[in-house]
Amino acid sequence: MRRFHSGPVAKLMSDSTSVKHDASNFIRDMIAADIKSGKTRQVITRFPPEPNGYLHIGHAKSICLNFGVARNFNGYCNLRFDDTNPEKESVEYVNSIRRDVEWLGFKWHSNPFASDYFNQLYEYALILIKQGDAYVDSQSAEDIRANRGTLKQPGIEGPWRDRSIDENLELFEDMKAGKYADGEHVLRAKIDMKSGNINMRDPIIYRIRHVSHHNTGDKWCIYPLYDFTHGLSDAIEGVTHSLCTLEFEDHRPLYDWILDRLKNDIPARPEQTEFARLQLEYSLTSKRKLNQLVVDGHVNGWDDPRMLTISGMRRRGFTAESIVTFCGMIGITKKDSHIEMGVLENALRDDLNRRAERRMAVINPLKVIIENYPEQQTEMVTGVNHPQNPDYGSREIPFSREIYIEQDDFMEDAPKKFFRLSVGREVRLRFAYYITCKEVVKNDDGSINSLICSYDPESRGGKSADGRKVKGTIHWVSAHHAVNARVNLYDRLFNTTNPGAEENSVSTLNPDSNIVADDAKLEPAIQLTDNKLAYQFERLGYFISDSESTDDRPIFNRTMTLRDSWARIGKS
Ligand code: ATP
Ligand code: MG
């Protein structure tokens, strides 16, 4: 397997020996200390997505952390929409985010929009202006950008920086009243144009945008920027611990500056702590990048089962429990790292292995005719629904003269160690009989059409009367009773371990990420729509009905392959 390394990465391997289940981490330790010292009385956290896309697996990490610590310390967590970019946000995203958080099993205390605080934020901006801490700048966007300097060069103070407080107040009110066009003025915090931290070089805190907002409609034509909004929203909600990802570390001085300047006016003083984003091999975990895949049509929407969005994973058959378990396994650190996809896959396999009912399905069918089995006869054989859990009970499976087996389970010139079917060899049909292959029927072009076999009537249930053993056991479906289905054989969306680092991540899309099997045969006991949990199709993997599956046109998604099938006995 190719490995991804970038500097000193602490990499979590899929091999479970290196997986940490320990729930303790530096953030929990910090909060415990804050409680002990009396600094914090009730822990209040928030999960603050911008409703500009669907949630992804990275958000699950932040959700588990924010809701998890609140629960651990008997506090609470808000789901707050940080909605300060009206052009990019929508009610569709708001609703999907609520649905996903609930589906993961978390309950928020309240569910505000940052935009609910626009009045209050405006008042805070007025206070900053009155204190001489903010000014209206009338430079063009290009000049503002140019004068901001670079990492190596300090910024330059603009010509409007020393406007009088009265002039600033009047201009800001006129901005709010709609007297100016987009971009004519902005409100900037007056900090330090020479700061080594570019975020502190008089950051813009309000801008003019004559656009409707999904929550506030046309009430506002000035909108506060994220950095201004975020910390103050935390303060308004009484958030004690504002947990965010490392890219906000350089913004913390600004977060603190704003709260310090308004310390006499805010109801509480939150503190920001950063942790490493989740980065998963073979995937992208940023809404913006995922949005690009959707917009450019590389995937079929946000809930495409190959996307590691929460909705895509749900459609793919992931369980909420396995996602939460995964988030616990990877832990919380300050160091960037890439997690192997196998860690996530194994968390899912473990959960489904425990919970999924077993069924039989044939993905690439090969017809078998059992010549000594009576025509027109059908008998029912009993299949257990879960080999380790008798509580799951059993089901009756129809058996008849013509069945389908997997093409892969037959080989013409088979080596000695091929324990499946070949002419002259005998295998066990799962739950049914021993069969022996007599003859291969071919099409004109030489391809295999079907097999003629015989069965041993004395081997019902999979045991021969004379104690004769066979090494291979294969799955099958009765041809007459089979339900035809389309099966999506999903695989990883990207071919490269770190597509986000590629200049053009689209060029590394895996062309084989959705192989379709159009002629799959399912045993009749498989429910065709609205499955709550994936099935294990024996020897093949875990499969769940797609959200578009109907009784007339069944569609199944492969959730995950089996790590190791019971076909250890059936496979060579
Ligand atoms: P965008 O690309 O639009 O910035 P995003 O994927 O970063 O989107 P946000 O809405 O900015 O998502 O993030 C909401 C919250 O989730 C933030 O607190 C952010 O720190 C956290 N978060 C986002 N991505 C990850 C990730 N990969 N791992 C852990 N937390 C994340
Ligand atoms: Mg972000």
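The values are calculated or read from the model by the stated rules, or taken from the named source; none is laboratory data. Just so it is clear, the model here is predicted, and its values are computed rather than measured. Please note: Cβ atoms are built from the backbone with ideal geometry, for glycine as well, and neighbour counts cover all protein chains shown. Accessible surface areas use protein heavy atoms only, side chains included; no ligands, DNA or RNA. Shrake-Rupley method; radii C 1.70, N 1.55, O 1.52, S 1.80 Å.
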Inside segment 87-103, can you point out the residues that are open to solvent by less than 10 Å² (accessible area, probe 1.4 Å) and either away from ligand 1 (no atom under 14 Å from the Cβ) or within 18 Å of residue 322 (Cα to Cα) (or both)? 100, 101
Of the residues that make up segment 158-174, is at least one over 30 Å from residue 92 (Cα atoms), within 42 Å of the chain's Cα centre (by Cα) and outside any helix (DSSP H, G or I)? no
Testing residue 275 on (1) within 18 Å of the chain's Cα centre (by Cα); (2) within 11 Å of ligand 1 (Cβ to nearest atom), one condition comes back false. Which one is that? (1)
Please report, ordered by residue number, the strands (runs of 3 or more DSSP E) entirely within segment 426-508 with at least 2 residues that are more than 37 Å from the chain's Cα centre (by Cα) and within 29 Å of residue 375 (Cβ to Cβ). 426-429, 434-442, 448-456
Name the one entry in 198, 144 that is touching a Leu at 6+ places or on another chain (Cβ under 8 Å) and not aromatic (Phe, Trp, Tyr). 198
Considering every residue within segment 333-341, establish whether at least one is more than 11 Å from the chain's Cα centre (by Cα) and part of a strand (DSSP E or B). yes
Can you confirm whether residue 348 is touching a helix residue (DSSP H, G or I) at 6+ places or on another chain (Cβ under 6 Å) and hydrophobic (A, V, I, L, M, F, W, C)? yes
For segment 159-175, does any single residue satisfy the condition of being among the aliphatic types (A, V, I, L, M) and touching a residue at least 60 places away in the same chain (Cβ under 8 Å)? no
Looking only at segment 284-307, which residues are more than 16 Å from ligand 2 (Cβ to nearest atom) and touching a strand residue (DSSP E or B) at 6+ places or on another chain (Cβ under 8 Å)? 298, 302, 303, 305, 306, 307
Pull up segment 66-83, narrow it to residues that are assigned to a helix (DSSP H, G or I) and crowded, with 24+ Cβ neighbours inside 10 Å, then point me to the one that is farthest from ligand 1 (Cβ to nearest atom). 70
Test of understanding: among 330, 397, 339, which residue is hydrophobic (A, V, I, L, M, F, W, C), in contact with a strand residue (DSSP E or B) (Cβ under 8 Å, 6 or more places away or on another chain) and closer than 30 Å to residue 424 by Cβ? 397
Among (1) open to solvent by less than 80 Å² (accessible area, probe 1.4 Å); (2) assigned to a helix (DSSP H, G or I); (3) within 30 Å of residue 94 (Cα to Cα), residue 119 falls short only on (1)
Those residues of segment 257-271 which are farther than 21 Å from residue 116 by Cβ and touching a residue at least 24 places away in the same chain (Cβ under 8 Å), in sequence order: 257, 261, 271
Matching residues in segment 289-332 - criterion: being in a helix (DSSP H, G or I) and over 14 Å from the mean Cα position of the chain (by Cα): 292, 293, 294, 295, 328, 329, 330
Among residues of segment 232-272 being within 10 Å of ligand 1 (Cβ to nearest atom) and part of a helix (DSSP H, G or I), the residue surrounded by the fewest Cβ atoms within 10 Å (Cβ to Cβ) is 247
If you go through segment 41-56 one residue at a time, how many are within 14 Å of ligand 2 (Cβ to nearest atom) and outside any loop (DSSP other than H, G, I, E, B)? 2
Of the residues in segment 361-407, how many are within 16 Å of residue 449 (Cβ to Cβ), part of a strand (DSSP E or B) and open to solvent by 50 Å² or more (accessible area, probe 1.4 Å)? 2
Cross-chain or 6+ apart pairs with Cβ under 8 Å, segment 34-47 first and in contact (Cβ under 8 Å) with a residue 24 or more places away in the chain and of a type outside the set (Val, Ile, Thr), then assigned to a loop (DSSP other than H, G, I, E, B) and surrounded by fewer than 17 Cβ atoms within 10 Å (Cβ to Cβ): 42/74
Assess whether residue 325 counts as being modelled with pLDDT of 95 or more, of a type in the set (Ser, Thr, Tyr) and within 19 Å of residue 55 (Cα to Cα). yes
Could you say whether any residue in segment 425-434 is touching a helix residue (DSSP H, G or I) at 6+ places or on another chain (Cβ under 9 Å), under 30 Å from residue 500 (Cα atoms), small (Gly, Ala, Ser) and without any contact (Cβ under 8 Å) to a residue 60 or more places away in the chain? no
Since residue 524 meets every condition but one in (1) touching a residue at least 40 places away in the same chain (Cβ under 8 Å); (2) under 22 Å from residue 342 (Cβ atoms); (3) outside any strand (DSSP E or B), which condition does it not meet? (2)
